[in-house]
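Quick note: the coordinates plus some simple rules give every number you see, no bench work behind them. Predicted, not measured: the structure shown is a model, and the values here were computed from it. Here the Cβ positions follow ideal geometry from the backbone for every residue, glycine too, while neighbour counts run over all protein chains shown.
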Amino acid sequence: MELKEQLSGVPGMLRPFKAYLREAGLSPGDQVVYYGCPGACTPFIELLGFAVRDLPIEQVYVPEADEERARVIRQVAGVGMQVSGDAIRVDPKVIVLMGGLAMPGVPVEKEAVQAAVAAHPGAKVVGICFMQMFEKMGWLDTFDFDLVIDAAIDPVRVWQ
């Protein structure tokens, strides 16, 4: 895998994601399934979902790697994309692994994520992380990513 381009800001994360999904050959109703940590990854998943809301896809959130807890992501008028309470069967055409899953101390093992990915042969795999988390934790060598978006939150400035 080689560095394709370097962008900045929130659009630098969202635009290549949307472009990738547009070019992925998805059909109406195909699933894009995001696997991530409750709380930490959820807002980023909803942000990514909002960026692709005009695509005719079904978006699904899987907390950690537990597909039994899968929920539909829906657009809520005047709010944005929100994880719903509606359960759904998982059948991804695109799997999106969020970097929070790779963070130390997260209650999901890399092997559980590998098993979830392996359960869907043929699905494309996208990784979205911050601060080189996939690289630091060896996930770039573990997963056969079709696309990786690695964003930085640096510097963080605080005024009071």
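Across q = 0.13, 0.16 Å⁻¹, the range 1-67 modelled as identical point scatterers on its alpha-carbon atoms has Debye log10 I(q)/I(0) values of -0.41, -0.61, in the order of the q list. Pairs exceeding a 23 Å alpha-carbon distance, out of LYS18/LYS110; LYS4/LYS136; LYS93/LYS136: LYS18/LYS110; LYS93/LYS136. Beta-bridge orientation, the range 9-151: approximately 30 percent antiparallel, per DSSP, counting only bridges with both partners inside. As a length-normalised measure over Cα pairs under 8 Å and 6 or more apart, the relative contact order of the chain settles at 20 percent.
Shown here for the range 36-98: GluC sites (Glu not before Pro) in loop regions (DSSP other than H, G, I, E, B) with at most 16 other Cβ atoms within 10 Å, of which there are none.
Pulled fully out, how much extra length does the chain show between THR142 and LEU7, if you take 0.36 nm times their separation in residues and subtract their Cα-Cα distance?
46.1 nm
With semi-axes defined as the square roots of five times the eigenvalues of the C-alpha gyration tensor, the equivalent ellipsoid of the chain measures 21, 19, 17 Å, largest first. Under Stokes-Einstein, with the Kirkwood radius over Cα pairs as Rh, the value for the range 30-112 at 20 °C and 1.002 mPa s is 168 µm²/s. When each of the peptides 149-158, 15-24, 69-78 is scored by the mean number of other C-beta atoms lying within 10 Å of its residues, the order from highest to lowest reads 15-24, 69-78, 149-158.
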